[in-house]
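Engineer: First the structure, then my questions, so here it is.
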Amino acid sequence: MTRTDGSFRLNAMSLACAMALPMAVAPQISVGASALEEVIVTARKREETLQDIPLTVSALSAETLERGGVESLLDAGRLVPNMQIYSAGSGNGSGIYLRGIGSSTISAAFDPAVALTIDGVVTSASRLIVAGQLDMRQVEVLKGPQSLYFGKSATAGVVSINTNDPGDELEVMVRAAYSPEHDGTKLEGFVSGPLSDTFGARLAIATREDAELKENLDPRAADDYRGRESTDARLTLTWDPRDNLALKFKGYVSEYEDDGPNWTSNIICPEGSMQQTQFLTSPDNPAGVILPPGFSNCKLDEKVAFPVVGEEYRPDPNYPTADRWNDGVQYVEQETQLYSLQLDWGINDNLDLTSLTAWIDLENDFMETFDYSQGPGSSHAFNKYKSFSQEFRLESSFDGAVNFSAGLYYADTEQEFVTGQNAVNIGFALPDPVTGNRYDWDKNHYTDTETWSAFAAIYVDFTENLTLTAGARYSEDEKEGSIELPYMHSALVASGFLPSGTVITEGLEFEDENWSPEVALNWAVRDDVILFIAYKSGYKAGGFDNSALPSGSLGSGDVSPLLYDSETGDGIEAGIKSDLADGRVRFNATAFYYIYEDLQVQQFDSTIIQFATFNAGEITTQGIEAEFQWATPVEGLLFNGSLAWTDAEFTDEFINAEGDDMDGEKVARSADWTGNLGFTFDRQMGNSNWNIGLSADARYNDGYRLTDTIAAPEQDSFWMYDAALRFYSSDDRWELAAIGRNLGDEVVAYSTQSRPFACGTDPLTGSCVAAGTVGNDQLDQIYTSSLGRQYTIQLTYRY
């Protein structure tokens, strides 16, 4: 449907008046409990009961995360209907999509459409999704635009991680786990408690390793398997020097490594077997250099095929950046530091001031093979993200009918993208006579962003049952950048590329401002039934791309193809929240209708080996979501389920990189129907001091297209099954658990693109057909995919 279809809009809003979804997935219920527990969230930057606020939130409790074996955000995505979180090879290193809305994984310059916050600190560093998370108290997923409280980069929603603070008593936890499917080990624990009447501390540490994550089929590989490992730690210090003053420091450090960012990639072959690799074509030599096919098995599974990158694609061993190529062995090294200091001051009985100061430093270094076969397209890259932010919030709690919330926010973010690349692969035929290098160029891209914003919201209680929330955020965004070319192969300079030492700053500037309003009505029909309707808007700042190759127009110094404008979204959602049957049944539902304009798009053309960055089209996403939890009369037995229908499609002209007009077509990575059905059961074992806990979930997805193209490959419908069995002592000190994820061993695809440098095969001669003369859909496809079956045996001791 297009946005001009007024009849549909009316129908959607009629349904909206009856439906809303907070999606509190599997709320906790203790053994023998008679009602579902309250869920407390910080979706509006303060603690509130989920059932009482006009927002659509999925709140994943610590118990839910533990039962599901969630160790990072990659694990959490599957727990929320029509949400995708996956790791990608280059660019920002990740894809996060909600209700069909997200941002390109190719460019690290794009702000994410789904903001990521950790203990209240908003970050645009999407590569954090691979870092291990530990000692989580709750993960909240806010759906729809959230700019009022979270600022820019929250047009599609927010994923918020809240970690534990020290309590009033000494706590100790030690856990060890083994995952035989991927030869995985995990050790984690924490110690927490008061150090004095006013001072508390909590230290959590975890180390994880999957030694056999994906089997490498290429006989030229450095190892038979690709693996990953991480070590993570968080220190929390609290100090309450006075009744009205509290300070909290959190310091998080993480070291993550794997054997190359493309471990999530499979090659699917339209010809039944992998195609040849072709490069260095010219009018005089259209066939160019032809290399034999690689060793991929062309299946969607837990097998990859990557060789060590040969010397013919790497720098001279004495060149300054040679160590980044790691002798051709692929790798990822990521170091993350996040420090925050929060001050809460009760100015008086009616006013509270919060200050949150934060510093983030993330460095990601990798080397990988981006032809997925032989070595052409190989590159190293160093991504650095540094951000300082300061936020002030003032909250009132007057006895009268009117209260308010207001705040100021400032952030200074520096991004550095340093890379050495092969795209032309000129060094394969001709070592650089000046440096001896066998690769094309070095490119360094720097971006400095300053963000200022202010927001204000009022809360008006017209009656005891009817509340209005109205507010807006004003944002200013300024960016400056530069591109440096420390090295360019001499042969490329001779053919018209910019010479070594070139610095480009002209035109790499961006400035924008935005108002993002929000209005919501909350009506308590009775104590256990609430209706709400809300108008929301979101804003994602524009800027300039940092991933384009220094060829084409950029080779002459023209940066205009790198520029893109800001993206906006707005719309309405409404529905019902209810706690029925004396609190044993919770039923919530929502309907939503949002329009996103000036979409920030980046697409890769594998035939010309270049990125296209632009604003395009319009997306309308609308749907209905519903969920329930039921604490049955059977002691300790809880059922839960959800169902979501989403219609996300392009509703204006959008000409993609292949020349298709996507107007009226479905958006990639968004299923029409998703849902789950599950249960948890906890019961004392006879008259013993031991309990048994059993949980199981079946999750359904009816499939989606994988690219925004007319002839897009599709992921078929699928089911995923999770289950957990645990035995634990009545004092909760000892626990033995078996956790299974994706027990049906269903490997699914998230996205795809044509394999760079692949060439089709002439059916008559069997020769390599120049890539530019066949469609992208006729070439080998790179599928970004999930893991298959995972199961873990886990022993926990708590004191």
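The values are calculated or read from the model by the stated rules, or taken from the named source; none is laboratory data. From a predicted model like this one, the values you see are computed outputs, not experimental measurements. Note that we place each Cβ from the backbone using ideal geometry, even for glycine, and neighbour counts take in every protein chain shown. Accessible surface areas use protein heavy atoms only, side chains included; no ligands, DNA or RNA. Shrake-Rupley method; radii C 1.70, N 1.55, O 1.52, S 1.80 Å.
Engineer: Which residues, taken from segment 654-668, are assigned to a loop (DSSP other than H, G, I, E, B) and at pLDDT below 90?
Structural biologist: Within segment 654-668, F654, N656, A657, E658, G659, D660 meet the criteria.
Engineer: A176 - would you say it is in contact (Cβ under 8 Å) with a residue 60 or more places away in the chain, part of a loop (DSSP other than H, G, I, E, B), open to solvent by 10 Å² or more (accessible area, probe 1.4 Å) and of a type outside the set (V, I, T)? Spell out how you get there, then give the answer.
Structural biologist: On the way: in contact (Cβ under 8 Å) with a residue 60 or more places away in the chain: yes; part of a loop (DSSP other than H, G, I, E, B): no; open to solvent by 10 Å² or more (accessible area, probe 1.4 Å): yes; of a type outside the set (V, I, T): yes.
Judged against the criteria, A176 is not a match.
Engineer: Can we say F249 is part of a strand (DSSP E or B), among the aromatic types (F, W, Y) and closer than 18 Å to E66 by Cα?
Structural biologist: no
Engineer: Could I ask something else about it? Could you pull out the residue among E653, E627, E618 that is open to solvent by 40 Å² or more (accessible area, probe 1.4 Å) and charged (D, E, K, R)?
Structural biologist: From the options E653, E627, E618, the qualifying one is E653.
Engineer: Is it the case that segment 155-168 has a residue that's at positive phi and surrounded by 18 or more Cβ atoms within 10 Å (Cβ to Cβ)?
Structural biologist: Yes: one or more hits.
Engineer: Is it true that G120 is surrounded by fewer than 24 Cβ atoms within 10 Å (Cβ to Cβ) and either without any contact (Cβ under 8 Å) to a residue 12 or more places away in the chain or at positive phi (or both)?
Structural biologist: Numbers: surrounded by fewer than 24 Cβ atoms within 10 Å (Cβ to Cβ): yes; either without any contact (Cβ under 8 Å) to a residue 12 or more places away in the chain or at positive phi (or both): yes.
Yes; evaluated as a whole, the condition is true for this residue.
Engineer: Next question. Among the residues of segment 656-695, write down those that are under 28 Å from the mean Cα position of the chain (by Cα), open to solvent by 30 Å² or more (accessible area, probe 1.4 Å), in contact (Cβ under 8 Å) with a residue 60 or more places away in the chain and under 29 Å from L79 (Cα atoms).
Structural biologist: Across segment 656-695, the qualifying residue is only R669.
Engineer: With the requirement that a residue be in contact with a strand residue (DSSP E or B) (Cβ under 7 Å, 6 or more places away or on another chain), part of a loop (DSSP other than H, G, I, E, B) and surrounded by fewer than 19 Cβ atoms within 10 Å (Cβ to Cβ), what does segment 564-594 give you? Write out each step before concluding.
Structural biologist: Keep residues of segment 564-594 that are in contact with a strand residue (DSSP E or B) (Cβ under 7 Å, 6 or more places away or on another chain), which gives 564-580, 584-594.
Next, from what is left, pick out any that are part of a loop (DSSP other than H, G, I, E, B): 565-566, 584.
Selection gives D565, R584.
Engineer: What number of residues within segment 215-227 are open to solvent by 50 Å² or more (accessible area, probe 1.4 Å) and either closer than 27 Å to L128 by Cβ or not in a strand (DSSP E or B) (or both)?
Structural biologist: 7
Engineer: Would you be able to say whether some residue in segment 701-710 is over 18 Å from Y750 (Cβ atoms) and modelled with pLDDT of 95 or more?
Structural biologist: Within segment 701-710 (the criterion being over 18 Å from Y750 (Cβ atoms) and modelled with pLDDT of 95 or more), the answer is no, since none of the residues qualifies.
Engineer: Let me ask another. Out of segment 704-759, which residues are open to solvent by 50 Å² or more (accessible area, probe 1.4 Å), assigned to a loop (DSSP other than H, G, I, E, B) and not small (G, A, S)?
Structural biologist: Of everything in segment 704-759, those that are open to solvent by 50 Å² or more (accessible area, probe 1.4 Å), assigned to a loop (DSSP other than H, G, I, E, B) and not small (G, A, S) turn out to be I710, D716, D731, D732, R733, L743, D745, E746.
Engineer: Out of R226, R242, R220, which single residue is touching a strand residue (DSSP E or B) at 6+ places or on another chain (Cβ under 6 Å) and among the charged types (D, E, K, R)?
Structural biologist: R226
Engineer: Where the second residue is at pLDDT 95 or above and assigned to a strand (DSSP E or B) and the first is within 26 Å of L353 (Cβ to Cβ) and open to solvent by 70 Å² or more (accessible area, probe 1.4 Å) and lies in segment 228-243, which pairs have Cβ atoms under 7 Å and are six or more apart or on separate chains?
Structural biologist: Once the first residue is within 26 Å of L353 (Cβ to Cβ) and open to solvent by 70 Å² or more (accessible area, probe 1.4 Å) and sits in segment 228-243, its partners that are at pLDDT 95 or above and assigned to a strand (DSSP E or B) give W239/F199; W239/L247; D240/A246.
Engineer: Could you grab the pairs with beta carbons closer than 6 Å, sequence gap of 6+ or different chains, first residue in segment 196-220 and among the small types (G, A, S), second one open to solvent by 70 Å² or more (accessible area, probe 1.4 Å)?
Structural biologist: A201/L195
Engineer: Continuing with the same structure: Does N437 meet the test of being open to solvent by less than 40 Å² (accessible area, probe 1.4 Å), polar (S, T, N, Q), part of a loop (DSSP other than H, G, I, E, B) and at pLDDT 90 or above? First the steps, then the outcome.
Structural biologist: On the way: open to solvent by less than 40 Å² (accessible area, probe 1.4 Å): yes; polar (S, T, N, Q): yes; part of a loop (DSSP other than H, G, I, E, B): yes; at pLDDT 90 or above: yes.
Judged against the criteria, N437 is a match.
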